[in-house]
Every structure is written in structure tokens, then in C-alpha cells.
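Asker: Supplied in C-alpha cells, the structure appears directly below.
The values are calculated or read from the model by the stated rules, or taken from the named source; none is laboratory data. What you see is a predicted model, and the numbers here were worked out from it, not measured in a lab. Ideal geometry is used to build each Cβ from the backbone, glycine not excepted, and the neighbour counts take in all protein chains shown. Each accessible area value is taken on the protein alone, full model and side chains, heavy atoms only, with ligands, DNA and RNA left out. Shrake-Rupley method; radii C 1.70, N 1.55, O 1.52, S 1.80 Å.
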Amino acid sequence: MHTRNTRNHHSRSAKKKASTAELLLAWYNANRRELAWRAKPGEPVDPYRVWLSEIMLQQTTVAAVTPYYRAFLKRWPDVKHLARASLDEVCGAWAGLGYYSRARNLWRAAQIIATQKGGAFPTTAKSLRELPGVGAYTAAAIAAIAFGERVAAMDANAERVIARLFAIAEALPKARHQLTELATALVPESRPGDFAQALMDLGSAVCLSRRPRCADCPLSAGCRARQLGIAETLPRKAAKRPRPLKRGTAFVAVDRMGAVYLVRRPENGLLGGMLQPPLGEWGAAFPARAAALEEAPFTGNWLKKPGLVRHGFTHFELEMEVYVANFSRRPNGEGMWLSAPDLAGAALPTVMRKTLSHALDADVPLFKVS
């Protein structure tokens, strides 16, 4: 008796899973987004394009990523071309996209794929996770979309859909494992990549964080959160800690031709390997002028610019005062002098571009994506 009931339960579950996947894929066939990196129906999927886009999309919007993706693909059309680039070139092309460890990991992974794997990507989520910068979600997305592996790719959109579909009240990130298990059970044997992208698209266009469009959702009839009237409250998230405010000083030295003195940050840590003007220590308060100038890279006539540079990092906010000095002869230093045209393509993170723009009274050119 127990065995027969279990079989009936599994049979009913299988039918429910299949119908959920079929409903979602039918909706996706009619409503799929046209994205620069997404293969059209019937086209072969290029693992390089999937990998490149997924790395760029980590904690970054589609709108922000699209011009960078197109520029990267034009400059480095496959992983072997990317592997031949220097790290400075890759970081320079990445500048402005943020989370710069992704650029370093992208370059390192390209080296591994090109030199150790003959240019071929690993084909499973497990093996993809061995690449630098590839976590659980990214590995699952690449494996499902590029190689058809039956795995659940759980980005924020997919988590929201699954949390509401099953009315999971536990808060993120603790609920993440349960959400992945529930989603995995829904992934169909055929078209797992389309299923992954369908979940993302549904979360992006219909199952919105605020005011979800339940009337337009293909899964609304079976959505437990909708039945309970709690869809907009899910998924629940643990309270975020307030971000502390740090303050510091930047020193922008300019030669008589307008070139700027820059130094390279340490390879490890925040903004690792990127370029910046010399900085003082970051603390809770701005240093007094005398204390600030003790951290200046050269002796000179340093003038403080009016106003501040403000920038938000993941875990803290930053405010910087900027001192500028002009030099008729370049002082000796271990850094480099870059002219204004060279700054546009330099490996400068956004916060340092803001700093230079503030120091030089520059506008759009320092932020241009080529």
C-alpha cells in the first residue's frame, strides 16, 4: 500500500512539474527577450558568448552590460583572442562596469581555457566552477544554456519566481538552497537552457519585485503566493547592515602637457590591479590639510578642489577630497604619466574616473565606453 501511494504521488508530481515547464516554455516562445548575447531560435549557442555575458551580468543590469558586451565581442571575438590580451587591456575595456575582480577573473579564466583546455569550455556546472570567477549560479547558467545540462540557474529573478510559486516564507539567503532544489525539480529534460532563460525573463518582465503582473503570468494558476495574497512580500530578505562611511584624500599631479600621474593598486583586494591617482588613508574623518599633505606623493603647491567625490561600494560609502598640483617638470616616482587621450582607455575604475573628472573639470570623455 505504501509503495503504491508513493508511486501515485510521484506520478502526480511529475505531471505537475511537466505542466509548469510547458506553460513557462510556451510563454517564453512568445515573449522571450532579444538580448545581444542570446542565440536566436535554431541558432547554435556559443559558450564564449554565454560565459562573457554571465560574468558581466553579475550584480549588473542588462542595460549597463550591453554596450560593454558588444565592445568586448568586437575586440575579442572568442576566448583565444581574449587570452592573448593583456590584463591591462581587459581591465581598461572593463572600466566603468564595476566589481573589477570580475575582469581579472575573466582574463585568468581565458588563460586557462585557451592554454590548458585547447580553447574548449568545460561542459558541466561542476567543472565550470573550477574557473576563476564562476560561482554556483554562473556555472549553472552556462551549463544549462550552452550545454543543455539539466540544472537550475538561480539568479534574483528566478529566486523571486520560485519563492512565490511555492510561497517560501524563509528569508534569503537562507532560503537559497531550498529554492534551488524546488527549481531543479521543475527543469525539463529537453530545453533546460530555455527554461533557465524563461525563468529569468518571467522575473524580469512579469514577476516583478513590486506590483507583480500576476494577470499576465503563465504560472499564476498554480502560484501559491498569489493564492495567499502575499506575492509582493516574497521573497523575504534578511535585513541589510548599514554601510559605513569612509573618507579620504586623492592627489592629482598634472605635468605641463596635461598628463596625469597614476599608480597601480595592489593585485589583491578592492579594485586590485587597477590604476588610480595617489591616495591617502581612508578613515572616519577627513584629515586636516597639514596631515593630508604628508601623504602627498610629491612636494608641490597642492590646492584643494571645492566639493567632494562620492562613490558607493558594496560594503561602504566613500567620500574623497581632491588636491591638485601642477608641475613644470615631472617629479620622480614609480607610477606612470598618462595623457588625456590615454585616460579614456586606461584601467581606471569608475571612482577614480570621477576623481580625475573632478580634479580636471572634465565631463563625459573620461567615462566613455568604446
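Asker: So, in the range 228-242, how many residues would count as being open to solvent by 70 Å² or more (accessible area, probe 1.4 Å) and either touching a residue at least 12 places away in the same chain (Cβ under 8 Å) or part of a strand (DSSP E or B) (or both)?
Answerer: Looking only at that region, the number is 4.
Asker: Tally time: how many residues in the range 112-142 are open to solvent by 50 Å² or more (accessible area, probe 1.4 Å) and in a helix (DSSP H, G or I)?
Answerer: Qualifying residue count, the range 112-142: 5.
Asker: For the list (1) open to solvent by 20 Å² or more (accessible area, probe 1.4 Å); (2) free of Cβ contacts under 8 Å to residues at least 12 places away in the same chain; (3) of a type in the set (S, T, N, Q), I need the number of the one condition that Asn301 fails.
Answerer: (2)
Asker: Let me ask something else. When you check Ala163 against the structure, is it in contact (Cβ under 8 Å) with a residue 40 or more places away in the chain, part of a helix (DSSP H, G or I) and closer than 11 Å to Pro235 by Cβ, yes or no?
Answerer: When the stated conditions are applied, Ala163 passes them.
Asker: Can we say Glu54 is open to solvent by less than 40 Å² (accessible area, probe 1.4 Å) and outside any loop (DSSP other than H, G, I, E, B)?
Answerer: Yes; evaluated as a whole, the condition is true for this residue.
Asker: Moving on to the next point. Given the criterion open to solvent by 10 Å² or more (accessible area, probe 1.4 Å), among the aliphatic types (A, V, I, L, M), under 31 Å from the mean Cα position of the chain (by Cα) and modelled with pLDDT under 95, identify the matching residue among Leu245, Leu271, Leu275, Leu279.
Answerer: Sole residue among the options that is open to solvent by 10 Å² or more (accessible area, probe 1.4 Å), among the aliphatic types (A, V, I, L, M), under 31 Å from the mean Cα position of the chain (by Cα) and modelled with pLDDT under 95: Leu271.
Asker: Scan the range 349-370 and report the pairs whose first residue is farther than 20 Å from Ala253 by Cβ and open to solvent by 40 Å² or more (accessible area, probe 1.4 Å) and whose second residue is at pLDDT 90 or above and of a type outside the set (S, T, N, Q), with Cβ atoms within less than 7 Å and a gap of 6+ or a chain change.
Answerer: Taking only residues 6 or more apart or on different chains, the pairs are Phe367/Arg353; Val369/Pro67; Val369/Tyr68; Val369/Ala71; Ser370/Ala71.
Asker: Another question, if that's okay. Which of the residues spanning the range 178-193 are open to solvent by 40 Å² or more (accessible area, probe 1.4 Å) and at negative phi?
Answerer: Gln178, Thr180, Glu181, Leu182, Thr184, Glu189, Ser190
Asker: Go through the range 69-87 and give me each residue that's open to solvent by 20 Å² or more (accessible area, probe 1.4 Å) and either within 20 Å of Pro47 (Cβ to Cβ) or within 19 Å of the chain's Cα centre (by Cα) (or both).
Answerer: Scanning the range 69-87 gives Arg70, Ala71, Leu73, Lys74, Arg75, Pro77, Asp78, Lys80, His81, Arg84, Leu87.
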